[in-house]
Amino acid sequence: MLIDDCFIKKAISLYKSTRSIDTLKDINEHLSMYIYNYPRKVFRVNNEIAIDFYSYYLERLEDIILKYEESEVKFITWFTYTLRNSYINYTVSIKRKSKYKKSEVSLDSPLDYDNALTLHDVLYDSKKYYDLYNDNIDDLSSKIFNFVSISFKNRDSLFFFIHNLEIFLSYLINPIMLFFNCTYEEAYSIIEKARNTYIHKYEQILKLQDRISKITIDISINQSKNKSTKLLELKKKNNLSKLNAIKLNVPHLFIATLFETTVNTVTKVIQKIKNKIKLEFEI
C-alpha cells in the first residue's frame, strides 16, 4: 500500500500537537507495510530480517516522525530517506550486539566480523582508528562532519562528504541545498544519483555476510565435535578479504562532474582533508 500523503501529514501534525496514543497507532498502521517491505524490495532480504528491521524501526518511529517538518515535498520521499539511514544503522547494530566491548572501529571495512567493529571502508589506510567504549558510530560521524565543515570551505567539504556518502548521508541535505541553491527534492536527487554509483554492491555485501555466518556456524559445529576447522577458517578468511575489498565510495569522476571541476582537483582535496583528520584525531 502506498502512503497517503495528505493523511500522513495531517496525522503527524496532530500527533505533534496532542501526543495522542490513538493517532500514533494510526500512523504506525498506515506506515507498517511500507516499513516491512522496504528492506525486502531494496536489499532483497528474507522475511526474518525484514521483520527484525520492522521491529527495530518501530521502536524508533515516534522519535523519527517528531523530527519531520512538513513541506511541499511528498512525505514518502523524506520517509524513504529515513528508512535507508535506519537500515544502515540496523546492520551495524546487528554486528555490534555480540561484540560490544572496548573495541576498535575501522573505516576500511563496513562489516568486519573478526578484528574490529567498523563504520566504513572508505577513509583511511589505518585499520585502528577509534575507541568505541564511550562513543558510538553516530557520535564519530558527527564529530568528523563538524570538524571538516569548520576547517574547510563548503565546496571542499562537500567533495569529502559526498565521496564518503554512507557515513555522512543524514547530514547532507541542507549543505547541498545551500551550496547549489536548490530545493529539498533536488538535493535528495543529487544524493540518490551519488548513491546509485555503488548501491548495487550492497547485494554483494549481504551475500558475503550470509556466507560468512554459515561458515562461522560450521566452524562452531566442527569444534564441538573435535573436528578440524582449518579449511573452514581459510574459507572464512577468504570471504572476509572479499568483503573488506568492497568499496562503497562515490567515484571522484561523479563528484568532479557534479561540481564542474577536474578529477585531479577532487582527488587532491579529499586527500588533504583525510590528512587533516588523521592529525586532528591522532590516527
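The values are calculated or read from the model by the stated rules, or taken from the named source; none is laboratory data. The structure presented is a predicted model; accordingly, all values stated were derived computationally and were not measured. Cβ atoms come from the backbone with ideal geometry, glycine included; neighbour counts cover every protein chain shown. Surface areas here come from the heavy atoms of the whole protein model, side chains and all, with no ligands, DNA or RNA. Shrake-Rupley method; radii C 1.70, N 1.55, O 1.52, S 1.80 Å.
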The range 2-52: number of residues that are among the β-branched types (Val, Ile, Thr) and in contact (Cβ under 8 Å) with a residue 40 or more places away in the chain: 6
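For the range 236-273, name all the residues that are assigned to a loop (DSSP other than H, G, I, E, B), touching a residue at least 40 places away in the same chain (Cβ under 8 Å) and open to solvent by 40 Å² or more (accessible area, probe 1.4 Å).
Start the filter on the range 236-273 by keeping residues that are assigned to a loop (DSSP other than H, G, I, E, B), which leaves 246-251, 260-262.
Add one more test, that the residue is touching a residue at least 40 places away in the same chain (Cβ under 8 Å), and what stays is 246-251.
Lys247, Pro251 - these are the residues of the range 236-273 that are assigned to a loop (DSSP other than H, G, I, E, B), touching a residue at least 40 places away in the same chain (Cβ under 8 Å) and open to solvent by 40 Å² or more (accessible area, probe 1.4 Å).
Can you name every residue in the range 218-235 that is of a type in the set (Lys, Arg) and not in a loop (DSSP other than H, G, I, E, B)? It would help to see each step written out before you state the result.
Filtering the range 218-235 for residues of a type in the set (Lys, Arg) gives 225, 227, 230, 235.
Matches in the range 218-235: Lys230, Lys235.
Just give me the residues in the range 63-86 being charged (D, E, K, R), in a helix (DSSP H, G or I) and surrounded by 14 or more Cβ atoms within 10 Å (Cβ to Cβ), in sequence order.
If we filter the range 63-86 for residues that are charged (D, E, K, R), which is where we start, we get 63, 67, 69-70, 72, 74, 84.
Remaining after also requiring in a helix (DSSP H, G or I): 63, 84.
Across the range 63-86, the qualifying residue is only Arg84.
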From Ala11, Ala50, residue being modelled with pLDDT under 85 and of a type outside the set (Lys, Arg): Ala50
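More than 25 Å from Leu232 (Cα to Cα), at pLDDT below 85, open to solvent by 30 Å² or more (accessible area, probe 1.4 Å) and not β-branched (Val, Ile, Thr) - does that describe any residue in the range 166-187? Don't jump to the end; show me each part of the working.
Step one: filter the range 166-187 for residues more than 25 Å from Leu232 (Cα to Cα), giving 166-187.
Checking the rest, the ones that are also at pLDDT below 85 come to 166-167, 169-170.
Now restrict to residues that are open to solvent by 30 Å² or more (accessible area, probe 1.4 Å): 170.
Restricting the remaining residues to those that are not β-branched (Val, Ile, Thr) gives 170.
Yes: one or more hits.
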Single condition Ile221 does not satisfy, out of (1) surrounded by fewer than 16 Cβ atoms within 10 Å (Cβ to Cβ); (2) of a type in the set (Val, Ile, Thr); (3) touching a Leu at 6+ places or on another chain (Cβ under 8 Å): (3)
